[in-house]
1. For region 188-194, what does the Karplus curve 6.51 cos²θ - 1.76 cosθ + 1.60, with θ = phi - 60°, yield as ³J(HN,Hα) per residue in whole Hz, taken in order and with x for Gly and Pro?
2. Rounded to the nearest Å, what's the spacing between the alpha carbon centres of region 18-34 and region 311-339? Just the number, please.
3. Just for the chain, what percent of DSSP beta bridges are antiparallel, to the closest 5?
4. Please give me, ordered by residue number, the trypsin sites (Lys or Arg not before Pro) of region 347-434 that lie in loop per DSSP and have at most 12 other Cβ atoms within 10 Å.
5. Which chymotrypsin sites (Phe, Trp or Tyr not before Pro) in region 326-371 pass both tests, a DSSP loop state and at most 16 other beta-carbon atoms within 10 Å?
6. Taking Cα extents along the principal axes in Å as the quantity of interest, determine which of [x] 68, 53, 46; [y] 73, 48, 37; [z] 97, 53, 40 was computed from the displayed structure.
7. Tell me which residues come under 5 Å, amide H to amide H, from LEU303 once H is placed; ignore anything under 5 positions away on its chain.
8. Once amide H atoms are placed 1.01 Å from N in the peptide plane, what residues at a sequence separation of 5 or more from GLU206, or on another chain, have their amide H within under 5 Å of its amide H?
Amino acid sequence: MPDTYPERSDGGGIEPAAKRAPRTVEETGLPFLFLVELLVKILFLRGQIGLPALSTHVKLGAGVLEPLLTFMRAEKLCEARRNGGNGTDADLYYLLGDQGRLRAAEYMRRNAYSGPAPVTLADYSNQVLAQSVAHMQVTRDDVQREFRDVVASSAVLDQLGAAMNSGRALFFHGPAGSGKSYLAERLNGLLSGAIALPHAVMVDGEVLPFLDPMLHTLSRGGSVPPDPRWVRAERPAVLTGGELTLDMLDLQFDQGNRLYQAPPHLKANNGIFIIDDLGRQRCSPVELMNRWIVPMARHIDYLSLHTGYKFPVPFDVIVVFSSNLAPQHLADDSFLRRIGYKIHVGPLSAYHYLAVFRSTCAQLGINFDEASYTYLLHLHSQYRRPLLACYPRDILAQICDQARYEDHAAQLSPEILFWAWENYFGSDDDLASTHNGPAAVQHKGEAK
């Protein structure tokens, strides 16, 4: 596999998933005996199954299955029985014999995978190359359409759009609550074009389940890959946070259920991989970021089977880091050079803060009140709190909580804003002694 991906030369077609469905065992690219083992495990778990149902389960046509089943019957691994009077293959169903059940137990102890037939690692790697994120184009219109309901500076949005075209890593940094995570999660709306994903990939005789319904979304409409071992899906956006560990970034083999678990960044290929709250993981930020030096530079990662076999996989991912810490506090210059865009997301301007506050009032069904909002700005100034994007929703949500408790409609007033402010930030005796908030609130109430 080359260190860097060459330009696609297939004219835009999706290969090899666009090829016809395999009609022979040889066309699957999989070893004959590997497929025999897979069928034995399926029959072991299903008990008995007809040829049409077996074909649907394993995603291989009858032309591939028939020589495999003939071999299994000759080796006394399975037997065929007829259920019905049509006298056709539709009446046949297959079940394991005694020898087959013994073999199945042995196969299951080695690797318990019994799903659809996998594709080869070479085919998977070629497919990732054909549908690389580097082939996407994000325009200003795309960004404006996706972020039309988001209050953010035009400079930050322009950086996002350019960054998505680069195919390189992004680094969001700024204070907690500034909206970094929200912006990062909205990037998936800029991913364009459906891709082909395999149900599973075979590596050195082992099967790595790949298609993950928790992370991959099947695409509606469009052409379905002719080879049913592939599915049509949206480009993935995989999010991890403080739970991420270095072990999770390697191939995991569960000794209990005898199945592999592919790492999240592999499942994010042809999409984006978001590492949120960088610095809160149980491993150090330096260790975590150093993990990406080779993949980001060469577009290749290296994984290992539990047998010790090490192999390369494509790394076609836009990595998005998000942290409250500045980049220079997390990594050295050598690593930071590999991050294409460092985007600071700070406090909002007064104009944008007002827009967020008004929008949140509308969403929560609270009438906007100019005098109350002016009082909120006074609290920000007096308590030296920056105008962060998270504050309007968090404070107004508390006002809604209190309104439900009192069984009346939520309304803005200086009194209720100060009540929510103290709940949210906690009381500070030092600041309160210099702030006339409670007295002023009481005075306003008495004047009504």
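The values are calculated or read from the model by the stated rules, or taken from the named source; none is laboratory data. Computed from a predicted model, the values in this text were never measured in an experiment. No Cβ is skipped: glycine too gets one built from the backbone with ideal geometry, and neighbour counts run over all protein chains shown. Surface accessibility is based on the protein's heavy atoms, side chains included, excluding ligands, DNA and RNA. Shrake-Rupley method; radii C 1.70, N 1.55, O 1.52, S 1.80 Å.
1. 4, x, 8, 6, 10, x, 6
2. For region 18-34 versus region 311-339, the Cα centre distance is 39 Å.
3. If we restrict to bridges inside the chain, about 55 percent are antiparallel.
4. ARG384
5. Passing both the DSSP loop test and the Cβ count: PHE368.
6. Derived directly from the coordinates: [z].
7. The answer is PHE311, VAL313.
8. Amide H neighbours of GLU206, under 5 Å, 5+ apart: none.
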